[in-house]
Amino acid sequence: MSDTSYSKGLEGVVAAESEICKVDGANGKLYYRGYSIEDLAEHSSFEECAYLLLNEKLPNKTELENFTRRIRQCRDLPPAVQAMIRDFPAKGSPMELLQSVISYLSGTVEHHIEHSATCNCRDTLHQIGQVTTVIATYQRFKEGKDYVPSDPELSQGANFLYQMRGERPTPEEGRILDICLLLHAEHGLNASTFTARVVASTLSTCYCSISAAIGSLAGPLHGGANERVMGLVEEIGSIDNIEPWLDKALAEKRKVMGMGHRVYRAKDPRAIVMEDMLTALSRRRGDSELYDFMKQLEKSFRARMEEKGKPIYPNVDFFSGAVYTRLGIPTELFTPLFAAARTAGWLAHILEQRKDNRLFRPKCLFVGPEPREYQPIDKRDA
């Protein structure tokens, strides 16, 4: 590569080797450590998936029981963190709150970061165990309600719903949110994961890496797409308005959120699982209005794109917002839940970065002015 070669946004640049996740965009396939996302969604749990990402293998029964117990023991928040959440500025976003809490937790452990063999990221599971509790508690306090202690009998997804609502979810609801977390746990070297690896390459703590990754995910070009999908649903208003809305939106060259993906050239496999879960929730509630709306929007949009020879498919965000809405989760919590899930993947990448670490230090192509003389202030143009 020459000194002047440049790829905006690092597009097409291979910046790391990884054994964690394979994204087969051409065929619409996703694998965690060699296991298909479809198999994991059908047979696994978020906690087992987190073990797989962090430890490079599926656990046996004893290993999973021990790992699950440790995560669940980490869930509850100390009084100081509860006070942080209660006193957090009203104008602050829940993503900013997450960054603050992660930074606080960093001061509660002794860090060992020299090499992955001695790094204790696998042992300090607060980031995985407590992020969902922080999000649920944020919502409770916002509604003027009390803190709900975690339930060690519940999965990560079910426990979040319990701590947010104050009552146990149905087994189906808990399982569905657990799968949602699993689907979002890892997805290669995206912006937030790259951020985590860059910070890890400096041998900073895993907490600093996670906090930086959360900041990256908070940006509207990365996280938040499913929030904007539901905003789009609200804007369209009714299924009868989909066709005229699409005509106007496409004429104005507006982006239809939840459609298309920078990597996938086939339907996002996570979207297929999400669609199935939206179907199940709609059937259980006896109300298919939202499902019917989403499917009609997908059908109408894809038909228009195929007429132009541009087949575009839904991504995971297209259906995930609808699933969260059906579970009664407020829209502003969608991206924080993304962060809660992706924390497992970020930690896996931090560990991998430290296995064979080299500090990230890319070059910058200078396009500014040539050398020039300094001008005294009284000789400068007004």
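The values are calculated or read from the model by the stated rules, or taken from the named source; none is laboratory data. Just so you know, these numbers come straight off a predicted model, no measurement behind them. Methodologically, a virtual Cβ is constructed for each residue, glycine included, from the backbone with ideal geometry; neighbour enumeration extends over all protein chains shown.
In segment 77-108, the residue that is surrounded by the most Cβ atoms within 10 Å (Cβ to Cβ) out of those that are touching a residue at least 40 places away in the same chain (Cβ under 8 Å), touching a Phe, Trp or Tyr at 6+ places or on another chain (Cβ under 9 Å) and more than 15 Å from Lys142 (Cβ to Cβ) is Ile102. Report yes if Pro89 is in contact with a helix residue (DSSP H, G or I) (Cβ under 6 Å, 6 or more places away or on another chain), assigned by TED's automatic domain parsing to the domain that holds Pro152, farther than 22 Å from Asn190 by Cβ and not in a helix (DSSP H, G or I), otherwise no. When the stated conditions are applied, Pro89 does not pass them. Give just the number: which of (1) crowded, with 16+ Cβ neighbours inside 10 Å; (2) without any contact (Cβ under 8 Å) to a residue 40 or more places away in the chain; (3) under 13 Å from the mean Cα position of the chain (by Cα) does Ala249 not satisfy? It is condition (3) that Ala249 fails.
Among what's in segment 301-321 and is crowded, with 22+ Cβ neighbours inside 10 Å and not polar (S, T, N, Q), pick the residue that is nearest to Arg254 (Cα to Cα).
Of the residues in segment 301-321, the ones crowded, with 22+ Cβ neighbours inside 10 Å are 301, 314-321.
Subset that is not polar (S, T, N, Q): 301, 314, 316-319, 321.
Details: Phe301: 12, Pro314: 16, Val316: 20, Asp317: 17, Phe318: 16, Phe319: 19, Gly321: 20 Å.
Once the filter is applied, the top-ranked residue is Phe301.
Within segment 140-161, can you find the residues that are crowded, with 21+ Cβ neighbours inside 10 Å and over 18 Å from Leu64 (Cα atoms)? Those that are crowded, with 21+ Cβ neighbours inside 10 Å and over 18 Å from Leu64 (Cα atoms): Ser150, Phe160, Leu161.
Any chance you could count how many residues in segment 209-225 are at pLDDT 90 or above and either charged (D, E, K, R) or part of a helix (DSSP H, G or I) (or both)? Steps first, please.
Within segment 209-225, the subset at pLDDT 90 or above is 209-218.
Next cut, either charged (D, E, K, R) or part of a helix (DSSP H, G or I) (or both) only: 209-217.
The total comes to 9.
Quick one: is Arg70 surrounded by 13 or more Cβ atoms within 10 Å (Cβ to Cβ) and either under 15 Å from His184 (Cα atoms) or under 22 Å from the mean Cα position of the chain (by Cα) (or both)?
Numbers: surrounded by 13 or more Cβ atoms within 10 Å (Cβ to Cβ): yes; either under 15 Å from His184 (Cα atoms) or under 22 Å from the mean Cα position of the chain (by Cα) (or both): no.
No, not satisfied.
Report whether or not Thr195 is under 15 Å from the mean Cα position of the chain (by Cα), at pLDDT 90 or above, under 24 Å from Leu347 (Cα atoms) and of a type in the set (Ser, Thr, Tyr).
Details: under 15 Å from the mean Cα position of the chain (by Cα): yes; at pLDDT 90 or above: yes; under 24 Å from Leu347 (Cα atoms): yes; of a type in the set (Ser, Thr, Tyr): yes.
Yes; evaluated as a whole, the condition is true for this residue.
From Gly129, Gly157, Gly174, grab the single residue that is free of Cβ contacts under 8 Å to residues at least 24 places away in the same chain, assigned to a helix (DSSP H, G or I) and farther than 20 Å from Leu30 by Cα. Before you say what the answer is, go through the steps one by one.
Numbers: Gly129 fails: free of Cβ contacts under 8 Å to residues at least 24 places away in the same chain; Gly157 fails: free of Cβ contacts under 8 Å to residues at least 24 places away in the same chain.
Result: Gly174 is the single residue among Gly129, Gly157, Gly174 that is free of Cβ contacts under 8 Å to residues at least 24 places away in the same chain, assigned to a helix (DSSP H, G or I) and farther than 20 Å from Leu30 by Cα.
Applying the set (1) modelled with pLDDT under 90; (2) under 17 Å from Ala303 (Cα atoms); (3) loosely packed, with under 14 Cβ neighbours inside 10 Å to Pro244 leaves exactly one unmet item: (1). When segment 260-286 is examined, which residues are found to be under 14 Å from Leu327 (Cβ atoms) and among the hydrophobic types (A, V, I, L, M, F, W, C)? Residues satisfying the conditions are Met274, Met277, Leu278, Ala280, Leu281. Of all residues in segment 1-19, which are touching a Pro at 6+ places or on another chain (Cβ under 9 Å) and either part of a loop (DSSP other than H, G, I, E, B) or surrounded by 19 or more Cβ atoms within 10 Å (Cβ to Cβ) (or both)? Hits for segment 1-19 are Val13, Ala15. In summary, Lys22 fulfils each of the numbered conditions (1) in a strand (DSSP E or B); (2) buried (at least 18 other Cβ atoms within 10 Å of the Cβ) with the single exception of condition (2). The helices (runs of 4 or more DSSP H) falling completely within segment 272-382 that include 3 or more residues that are in contact with a Cys (Cβ under 6 Å, 6 or more places away or on another chain) map to 334-355.
Residues considered: Asp276, Asp268, Asp287, Asp292. Of these, the only one that is of a type in the set (Asp, Glu), buried (at least 20 other Cβ atoms within 10 Å of the Cβ) and at negative phi is Asp268.
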